[in-house]
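Before any comments, here is the structure.
The values are calculated or read from the model by the stated rules, or taken from the named source; none is laboratory data. All of these numbers come straight from a predicted model, not from anything done at the bench. Cβ sites come from the backbone with ideal geometry, for glycine too, and all protein chains shown count toward neighbours. We work out accessible area using only protein heavy atoms, side chains counted, and drop any ligands, DNA or RNA first. Shrake-Rupley method; radii C 1.70, N 1.55, O 1.52, S 1.80 Å.
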Amino acid sequence: MIIKGIKGVKDLLPEEAPRWRFIEEKARQWATTFGFQEIRVPIFEVTTLFARSIGASTDIVEKEMYTFPDRDGTSLTLRPEGTAGTVRAYIEHNRAADPLPQKYFYIGPMFRHERPQAGRLRQFHQFGVESFGMADPRADVETMALLWQLLSDLQLPALTFEINNLGYTSDREAYKPVLVEYLQRQVDHLCANCQRRMITNPLRVLDCKVPECRAATEAAPKLAESMSEKARVYFDAVLKGLDALGIPYHLNHRLVRGLDYYCLTTFEVTTTSLGAQNAVGAGGRYDGLVETLGGPPTPAVGFAVGIERISMMLPDSQVPPSVGQKTVYVAAFGEQGAASGFTVLQDLRRAGIRAVVDFRSGTLKAHLRQADRWQCRHALILGDDEVTKGLAILRNMETKAQVDIPLSSVVASITPLL
Ligand code: HAM
């Protein structure tokens, strides 16, 4: 029986790798430009880390985590996102004692047991950033500006920056009974999931995509109406900052994220070009999380984008042309030619020149056909006759022009000609 890959878990084949590399390089470049440093945290952690940070009654923790017992019985989980692990590392390495702010970025795989469809996978990849130590609206704006800069630079189509104010915990606590009272009156119009969430996580009902639920919550009292002055002032400053930097946004009072750690500013970049999975990236402020996980009170803000989704949206014209162009094909044949070519191949590579060969080819014709197929710009021809004369022939595969190269100094002689 042929063993197949797991549903919702994709291979990244060589043809697609340059797109990913391009996206990752842009992400690294912009993150560094904005003063973020790379952190690499483990792919699995103890389960309680995620349950406590993301929230026990969220979809992620309730039904999407890959959780398994370690050999000693400890419950472990493949990370469904990057914030929890980054916060854990921040606390564990006592980074709060170092000069603040501490700003990190990460790129790597995340795991969620969701129903796979285009743009929704069980192993997917995120680029994310987390900024610790600044309770300043400009830190929110800086983080959003990085997200916007990256997505704009990649020229992704049809983006909208949605933003909402979730206020402080006390604001949400004051709002919840008001909302629940309204929802109870609408209960017959809510989907089964929302009927349950009405009890466990009522704000999430506002974010439900089911049309009946949306209609039923259209007239719901808004969180903004019970927002404290302090939260209002903070959010206004964030919006002013976005205005000052010319970042366009759309206020969306329904935006309630699927992770419980957020407060104040929350945002999501959506697109109309991806079908149902319309979120390219999302994030927000999470001032309470470091403390919840046992660290000192630390304001924080961050976001993550899905690399698969960006890759689906990235125009082909954006990806720089890949390999082939500057490659030398070593067309060595005949007994002595092949032997000499084998060491020349290594000399070229050691000098940093990209060199390839198909060892199965035994004739010049077969070699040149392969060089063409691989779109190599040059072939270095080396048969028994050439070895006897102490040279090789460098052939430009496009113009067919050929020059003799002394075998005693192949690398030095061909370097200026490539
Ligand atoms: P999130 O909204 O759960 O936030 O995920 C962020 C992004 O990851 C989504 O907008 C989407 O592009 C991508 N994504 C999520 N699930 C999948 C999936 N199953 N398949 C493909 N892509 C997916 C977080 O994860 C937060 N940790 C973001 C954050 C960082 N907040 C503060 N700091």
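If you sort the three axes of the alpha carbon gyration tensor as a ≥ b ≥ c, you get a/c of 1.5 or more for region 235-274 and a/b no higher than b/c, which makes it oblate. When you filter the trypsin sites (Lys or Arg not before Pro) in region 278-361 for DSSP loop state and at most 11 other Cβ atoms inside 10 Å of their Cβ, you are left with 326, 360.
The fraction of accessible area contributed by carbon and sulfur in the chain is 54 percent, rounded to a whole number (1.4 Å probe; ligands and nucleic acids excluded).
To the nearest 20 Debye, how big is the dipole of region 304-413 about its Cα centre, given +1 on the beta carbon of each Lys and Arg and -1 on that of each Asp and Glu? About 220 debye. Of 26/209; 26/326; 7/103, which sit over 25 Å apart, Cα to Cα? Pairs exceeding the cut-off: 26/209; 7/103. Ratio of Rg to Rh for region 351-410: 0.95 [Cα atoms; Kirkwood radius as inverse mean 1/r over pairs]. The angle between the Cα long axis of helix 17-33 and the main principal axis of the chain comes to about 60°, on a 0 to 90 degree scale. Could you name the aspartates and glutamates whose alpha carbon sits less than 16 Å from that of residue 222, not counting residues in the same chain fewer than 8 places away? Answer for residue 222, where 16 Å is the Cα cut-off: 171, 173, 181, 207, listed by chain and number.
Across region 356-365, rounded Karplus estimates of 3J(HN,Hα) from the backbone phi angles (6.51 cos²θ - 1.76 cosθ + 1.60, θ = phi - 60°) give 9, 7, 9, 5, 6, 7, x, 10, 4, 4 Hz, Gly and Pro being marked x. Pull out a ≥ b ≥ c, the square roots of the eigenvalues of the alpha-carbon gyration tensor of region 131-171, then state rounded if a/c is under 1.5, prolate if not and a/b is larger than b/c, and oblate in the remaining case. It is oblate, given that a/c is not under 1.5 and a/b is not larger than b/c. Note that the chain presents 49 Å² accessible area per residue, ligands and nucleic acids not counted, probe 1.4 Å. When +1 charges are put on Lys and Arg Cβ atoms and -1 charges on Asp and Glu Cβ atoms, the dipole computed for the chain relative to its Cα centre reaches about 720 debye. Relative to the dominant Cα principal axis of the chain, helix 137-153 is inclined by about 40°. Classify region 189-314: rounded, prolate or oblate, from the alpha-carbon gyration tensor (a ≥ b ≥ c, eigenvalue square roots; a/c under 1.5 rounded; otherwise prolate if a/b is larger than b/c)? Rounded, because the longest to shortest axis ratio a/c is under 1.5. Counting only protein chain heavy atoms and rolling a 1.4 Å probe, the accessible areas of 408, 228 rank, largest first, as 408, 228. Loop-located GluC sites (Glu not before Pro) in region 1-81 (DSSP state other than H, G, I, E, B) with a sparse environment of at most 10 neighbouring Cβ atoms within 10 Å: 15.
For residue 93, the accessible area of its heavy atoms, probed at 1.4 Å with every protein chain present, is near 120 square angstrom.
Restricting region 24-80 to trypsin sites (Lys or Arg not before Pro) that sit in a DSSP loop and have at most 14 other Cβ atoms within 10 Å of their own Cβ leaves 40, 71.
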